[in-house]
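This report concerns only the one structure given below.
The values are calculated or read from the model by the stated rules, or taken from the named source; none is laboratory data. Keep in mind that this is a model prediction, so the values were computed, not measured. Cβ placement follows ideal geometry from the backbone for every residue including glycine, while neighbour counts extend to all protein chains displayed. Calculation scope for accessible area: heavy atoms of the full protein, side chains included, ligands and nucleic acids excluded. Shrake-Rupley method; radii C 1.70, N 1.55, O 1.52, S 1.80 Å.
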Amino acid sequence: MQFKAFTIAALVASAAAKQRCAAPAPTEQQIEASRQMKIQEDNYAAVAGESMHIQATINTNVYWHVIASARTVAAGWLSNATLDAQLDVLNEAYAPHGISFNDAGRDWTINSNWAQDGAELAMKKALRKGTYKDVNVYFVPTLDAFGYAYLPDSVSTGSNAFYRDGCTILSSTVPGGSETNFNLGYTVVHEVGHWLGLLHTFEGGCSGSGDMVSDTPAERSQASGCPVGRDTCSGGGVDPIHNYMDYSDDPCYEEFTAGQQTRMYSQWNTYRA
Ligand SMILES: *[C@@H]1O[C@H](CO)[C@@H](O)[C@H](O)[C@H]1NC(C)=O
Ligand SMILES: [Zn+2]
C-alpha cells in the first residue's frame, strides 16, 4: 500500500493474528460525505416512510487479477474454478440488494514483487481495466491483512487515485483457501462493501452516528470470531457482528442492512454511476 492505515483496528489487532482489513481510514471529507448522505436518506425515510430507491439495480463489471510468485496455490496461483466460486459468493451476498457483478475478465501474472503488494501503483497501472464503475480485484499471496480497498471519491480518469481504486485480497481467503475461518470468500464481499462506500460498522465507536448508517447498531470496536450477543454500546441494540462490514470470521457473516443498501446506491449515484 501507498500509506499505512492508522485505524483503531490496526492498533488493537493482536500481533499474531492477521488484520481482517487494512482499508485506509476514511478522510474527514469522506466521513462528511457519508454524513450528508445519511441526512438525505433519513429525511426521505421520515417523509416517505420507506427507504430511498435511487435506482432499481446496480450491475457492473468485475475484473479479476491473480498475482502469484509461482504457479502453485501456495504461491498465489488461483484456478478458474476458484474464481468462479468467488464470483458466486460475491453475487449471492449482493443479490438481495439488487447489485450484481459481471465477470468481465481475468488475468494471471507471475511477479514476486507484485505478489507481496510491493509496487501497488505500478502493478495497478499495468493491470487495471474498465472505468470508475468497474471493480478490479487483485489477489496476492502475501499481505499484512486479508484485504484492503478504497472508498469512492471524486477522482478523474487516469489519475493515480483512479488507478489505485479497487480491492486487494489475500489469495488464501478465497472459497476453499487455506485461511482457517476466513476462507469462504467473504473478504471480497467486505472489501467490495468499502468500494461501494460502506464504512466499518464500528467506525465512530459508540459516539454520534457511528458508521453514518441509521440501522446498524453502534459498537465500540470491531468484533472477532463470532461473539453472539455482544453489546458494547448502551442502547441501539446488540452489536452487528453478522454484518459484512464488521471484522467477524467468515462463517459469522450474514448480511448488509437496508440502510447500507440505500447508502451503496447513494454512493454509487454520487461517485460511480
Ligand atoms: C481460465 O480459462 C480461460 C478461458 O478458458 C483460459 O484461457 C485460461 O488459461 C484459464 N486460466 C487458468 C489459470 O487455467
Ligand atoms: Zn474493512
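Is it the case that the range 231-246 has a residue that's more than 30 Å from Asn269 (Cβ to Cβ) and among the acidic types (Asp, Glu)?
Scanning the range 231-246, I find at least one residue that is more than 30 Å from Asn269 (Cβ to Cβ) and among the acidic types (Asp, Glu), so the answer is yes.
Residues that are charged (D, E, K, R) and in contact (Cβ under 8 Å) with a residue 24 or more places away in the chain were ranked within the range 16-69; the one that is nearest to ligand 2 (Cβ to nearest atom) is Arg20. If the condition is being within 16 Å of ligand 2 (Cβ to nearest atom) and open to solvent by less than 30 Å² (accessible area, probe 1.4 Å), then the range 223-238 contributes only Ala223. If the condition is being within 18 Å of the chain's Cα centre (by Cα), more than 16 Å from Ala22 (Cβ to Cβ) and open to solvent by 30 Å² or more (accessible area, probe 1.4 Å), then the range 155-174 contributes Ala161, Tyr163. Would you mind stating whether Glu92 is among the acidic types (Asp, Glu), away from ligand 2 (no atom under 16 Å from the Cβ), assigned to a helix (DSSP H, G or I) and open to solvent by 70 Å² or more (accessible area, probe 1.4 Å)? Considered against the rule, which asks whether it is among the acidic types (Asp, Glu), away from ligand 2 (no atom under 16 Å from the Cβ), assigned to a helix (DSSP H, G or I) and open to solvent by 70 Å² or more (accessible area, probe 1.4 Å), Glu92 comes out as yes.
A single entry from Ala15, Ala45, Ala9, Ala85 fulfils the requirement of being modelled with pLDDT under 95, closer than 25 Å to Asp249 by Cβ and open to solvent by less than 60 Å² (accessible area, probe 1.4 Å): Ala9. For the range 239-273, a residue qualifies if it is buried (at least 22 other Cβ atoms within 10 Å of the Cβ), within 15 Å of the chain's Cα centre (by Cα) and without any contact (Cβ under 8 Å) to a residue 40 or more places away in the chain, and exactly one does: Ser248. Being surrounded by fewer than 19 Cβ atoms within 10 Å (Cβ to Cβ) and of a type outside the set (A, V, I, L, M, F, W, C) is the filter; apply it to the range 69-78 and report the residue that is farthest from ligand 1 (Cβ to nearest atom). Applying the filter and picking the extreme gives Thr72. Among the residues making up the range 183-216, those that are open to solvent by 20 Å² or more (accessible area, probe 1.4 Å) and at positive phi are Gly204, Gly208. Which one is farthest from Trp77 (Cα to Cα), of the residues in the range 102-119 that are open to solvent by less than 40 Å² (accessible area, probe 1.4 Å) and free of Cβ contacts under 8 Å to residues at least 60 places away in the same chain? It comes out as Ala119. Taking the residues in the range 48-68 that are touching a Gly at 6+ places or on another chain (Cβ under 6 Å) and open to solvent by 40 Å² or more (accessible area, probe 1.4 Å) as candidates, determine which candidate is nearest to ligand 1 (Cβ to nearest atom). By that ranking, first place goes to Asn61.
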